[in-house]
Amino acid sequence: MPKCAYACYNKNEEVRMSSSSGGIYSLLAEKILEDGGEVFAACYDRNLEVSYRKINSIDELPDSRGSKYVASHMGNVFQDVLDSLQKGIKVLFVGTPCQCEGLMSFLGKRYDNLVCVDFICHGIPGRIPWRKYLESMKNRGSELVGINMRDKTSGWSKGKFCWKMTDNFGNTTFQPQSENFFMKGFIANIYLRPSCYNCQFKGIERKTDFTLGDYWGVWNIQPEMDDNKGISLVLVHSQKGQKLFDSVSSSIVYTNAFLDKAIKYNSPILSSVKCSDNRKVFYKRINEGEDFIKIMEDLTRISFKDKLKIRIKRSIKNIQNF
Ligand SMILES: Cc1cc2nc3c(=O)[nH]c(=O)nc-3n(C[C@H](O)[C@H](O)[C@H](O)COP(=O)(O)OP(=O)(O)OC[C@H]3O[C@@H](n4cnc5c(N)ncnc54)[C@H](O)[C@@H]3O)c2cc1C
Ligand code: SF4
């Protein structure tokens, strides 16, 4: 079992609003940087590809904030982390559970100066679908130069967040995540990396110091915590992690989370998602050079039969609730 499970958020409103959940990653990272350490995290590059970067100052932290639903380029990050650790520098590494496990097996032993942070992981889309999505947007006259897949302008609770997209003319648009074609394919598990459908890194026991996640369902479980701005579910796994959490706790609003209930709203904590029946069709059509958005329009169109099924289900639920 984790040492502690917290429902929490960063008291700094600006940082919290620019983070995906409660902005706890930023607080942990700030503390490491204040202590003269380094943070290794995934950031967008100029082409909106996601790559690991070494962060040395608090000014650079905003670049790393926010969930990016794209597999990151790792480059030499494991070697860079090792070099810093061997020099005695404090390091915070943040990544998917498989990246964290990969780092720990590369290092081969525990380092007291390493804080390892993973997150609850639905799975991660490959880089090809992402590139094809960007191409498809460009062909439609919208060359994207900035992206936030978890903008909270329209809220966070019940998954009400938006995609914020900036194009090369400086126009900014907000699109509900439920209407964005890249996000639809991600949620429908059409183009996750193959290993994500049989992930070996699930469970509430981790070798990392922290697991961060969205506290989905908090609006029902602990509604007094939910203000629609993002609540984190934070699992602390180690003494080192607890010490770091305690050292920043004056900057956090927190209470104990109900982990058993939280898991019911967030199945990727414990189990892999099911591969979509449309995966093969998607890759066949994309490899034949078809347009990404056109394919996704076809694959995510709800048939008349399915619409009818949804309506009947809703009516039955309404009658039951009556
Ligand atoms: C692909 C993916 C799937 C996720 N699935 C779930 C889920 O099913 N349930 C759930 O509760 N939470 C999930 N999360 C985690 C959640 O979205 C938040 O990232 C987490 O709660 C931390 O939020 P925060 O506000 O503390 O920090 P944020 O500021 O949002 O920081 C997020 C941290 O994650 C890192 N990160 C972002 N994208 C990537 C990436 N592609 N590769 C490696 N590191 C990355 C950033 O560098 C940053 O350090 C997922 C995140 C990702 C990236
Ligand atoms: S679901 Fe598992 S294999 Fe896929 S990115 Fe997440 S941790 Fe890695």
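So the values come out like this:
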item: Net charge over other residues, Cβ less than 15 angstrom from the Cβ of ASN76 (K, R count +1; D, E count -1); result: -1
item: Tilt relative to the chain, helix 239-248 - C-alpha long axis, 0 to 90 degrees, to 10; result: 80 degrees
item: Set of aspartates and glutamates with alpha-carbon distance to LYS138 below 16 Å, sequence-local pairs under 8 removed; result: GLU49, ASP167, GLU290, ASP291
item: Qualifying aspartates and glutamates (Cα of each under 16 Å from Cα of LYS160; at least 8 residues distant if same chain); result: ASP151, GLU179, ASP214, ASP226, ASP227
item: Along each principal axis, Cα extent of the chain, largest first, Å; result: 60, 50, 38
item: Gyration tensor (alpha-carbon) shape descriptor, the stretch 1-117, a/c threshold 1.5; result: rounded
item: Förster-model FRET efficiency, 41 Å R0, THR300 and LYS87, C-beta, rounded to 0.05; result: 0.25
item: Helix-derived mean residue ellipticity, 222 nm - over the chain, DSSP H n ≥ 4, -39500 (n - 2.57), to 500; result: -10000 deg cm²/dmol
item: Accessible area (Å², per residue) of the chain, counting only protein heavy atoms and a probe of 1.4 Å; result: 51 Å²
item: In degrees, nearest ten, helix 24-34 long axis to first principal axis of the chain (Cα); result: 30 degrees
item: Accessible carbon and sulfur surface of the chain relative to its total accessible area, %, 1.4 Å; result: 51 percent
item: Overall form of the stretch 124-185 per C-alpha gyration tensor (a/c, 1.5; a/b vs b/c); result: oblate
item: Filter on LYS132/LYS158; LYS240/LYS264; LYS87/LYS207; LYS3/LYS274 - keep pairs with C-alpha separation over 26 Å; result: LYS132/LYS158; LYS240/LYS264; LYS3/LYS274
item: For the stretch 183-322: rounded, prolate or oblate by the Cα gyration tensor [a/c cutoff 1.5]; result: oblate
item: Principal-axis tilt of helix 97-107 within the chain, Cα atoms, nearest 10 degrees; result: 40 degrees
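The values are calculated or read from the model by the stated rules, or taken from the named source; none is laboratory data. Remember, it's a predicted structure, so these values are computed and weren't measured experimentally. Glycine also receives a Cβ, built like all others from the backbone with ideal geometry; neighbour counts cover every protein chain displayed. Just the protein is used for accessible areas: all its heavy atoms, side chains included, with ligands, DNA and RNA removed. Shrake-Rupley method; radii C 1.70, N 1.55, O 1.52, S 1.80 Å.
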